[in-house]
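The structure appears below as structure tokens.
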């Protein structure tokens with residue numbers, strides 16, 4: 001009588017939660033700085049050309065982040081030492097962050113940001129790959145749900161450090177650096193993940209196991225995230241401007257509240273969706289639903305003529321795509337073909353996070369002056385719709 005194969009081991013909840021805390025620390029390391037503290041510093045150094053300087057810094061930073069993420073992902077593959085690179089990147093990026101106040105002009109600030117991005121991605125790239133080494137497929141949905149804490153805590157940290165009267169400009173940067181260290185160090189010191197040798201098999205063994213996957217799975221996963229991220233980047237940059245065109249009394253504080261509420265509600269939704277996908281072994285279904293519902297939200301926004309309708313459309317879009325992005329991050333680890341190049345390959349996937357910031361401004365400039373924001377939202381809905389089709393073509397399984 002044949003015996004049933006032993007079930008695959010699960011990673012400890014202890015490690016999953018500490019890893020999710022570290023991933024949230026990664027978001028805290030850049031969200032409050034890039035969205036709030038950096039623009040303030042640029043305004044101090046280049047008051048006459050704040051927008052132009054920020055544009056140059058954003059472009060140079062995106063290029064630096066893209067290249068260094070691939071480089072340090074590859075380095076952590078080659079050395080087989082994720083934790084060492086994470087620690088080195090943590091130290092370097094925190095030191096450079098608190099050095100921002102020492103810059104005397106816009107050129108120095110731009111150069112520092114380029115180097116800071118290198119240090120930051122020295123931490124982020126190996127951290128992302130480490131999850132692929134330690135978390136089995138049966139828990140990747142749960143991991144994705146926990147990763148939804150990252151953007152929410154990133155936004156919350158921005159609100160914290162900018163509380164009026166809490167800290168001056170120098171101290172704000174130090175608070176951010178301390179928060180990042182407090183959130184990342186525990187997984188390095190206390191994480192101790194259970195070994196998962198089956199996740200580190202050679203390419204030949206791995207290819208025999210994954211031979212039944214549909215062709216082009218990796219490409220479809222990459223492109224679907226890129227398309228959704230373009231829409232996400234456009235809304236992140238221009239939501240306040242769009243709300244103001246509908247109701248000029250709707251300011252930055254109200255917009256920040258909408259952002260925070262959406263990110264907060266998305267966390268339990270992502271956790272529930274991730275657990276459902278693990279339980280039913282249907283990892284693509286929540287992704288396809290997220291992209292599809294996001295497209296519906298964009299259509300609602302394109303048709304909205306009133307502020308309540310506009311907010312409702314954004315809430316639909318924001319919740320759906322927040323869940324999509326969190327779960328997509330973890331499920332990407334399932335489809336990468338070679339464990340020994342996992343860090344490098346994740347660096348290539350990271351281009352879906354940086355390339356949209358280069359595409360989105362030109363798309364907006366081409367559409368909004370001619371067709372208004374409604375035209376932009378309809379085009380973005382089309383991109384999200386294409387992402388949905390790409391995911392559905394994977395037959396709900398990867």
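The values are calculated or read from the model by the stated rules, or taken from the named source; none is laboratory data. It should be emphasised that the depicted structure is a prediction, and the values quoted were computed from it without experimental measurement. Neighbour counts run over all protein chains shown; Cβ positions are idealised from the backbone, glycine included.
In the stretch 85-110, the qualifying residues are those that are outside any helix (DSSP H, G or I) and in contact (Cβ under 8 Å) with a residue 40 or more places away in the chain, and the one that is nearest to residue 123 (Cα to Cα) is 103. In the set (1) surrounded by fewer than 16 Cβ atoms within 10 Å (Cβ to Cβ); (2) within 15 Å of the chain's Cα centre (by Cα), the condition left unmet by residue 309 is number (2). For the stretch 154-171, the set of residues classified as part of a helix (DSSP H, G or I) and either surrounded by fewer than 23 Cβ atoms within 10 Å (Cβ to Cβ) or free of Cβ contacts under 8 Å to residues at least 40 places away in the same chain (or both) consists of 154, 155, 156, 158, 159, 160, 161, 169, 170, 171, listed by residue number. In the stretch 372-398, how many residues are touching a helix residue (DSSP H, G or I) at 6+ places or on another chain (Cβ under 8 Å), over 22 Å from residue 335 (Cα atoms) and at pLDDT below 90? Of the residues in that region, 1 qualify.
Hey, any hits in the stretch 286-294 for a residue that's in contact (Cβ under 8 Å) with a residue 40 or more places away in the chain and more than 20 Å from residue 146 (Cα to Cα)? Yes, that holds for at least one residue.
One line per residue, one yes/no per condition, for (1) over 30 Å from residue 133 (Cβ atoms); (2) surrounded by fewer than 18 Cβ atoms within 10 Å (Cβ to Cβ); (3) assigned by TED's automatic domain parsing to the domain that holds residue 262; (4) under 23 Å from the mean Cα position of the chain (by Cα):
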residue	(1), (2), (3), (4)
303	yes, yes, yes, no
324	no, no, yes, yes
339	no, no, yes, yes
359	yes, yes, yes, yes
365	yes, yes, yes, no
373	yes, no, yes, no
382	yes, yes, yes, yes
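Taking residue 351 and the conditions (1) buried (at least 23 other Cβ atoms within 10 Å of the Cβ); (2) more than 19 Å from residue 373 (Cα to Cα); (3) in contact (Cβ under 8 Å) with a residue 60 or more places away in the chain, which numbered condition does it fall short on, given that it satisfies the others? The single condition residue 351 does not satisfy is (1).
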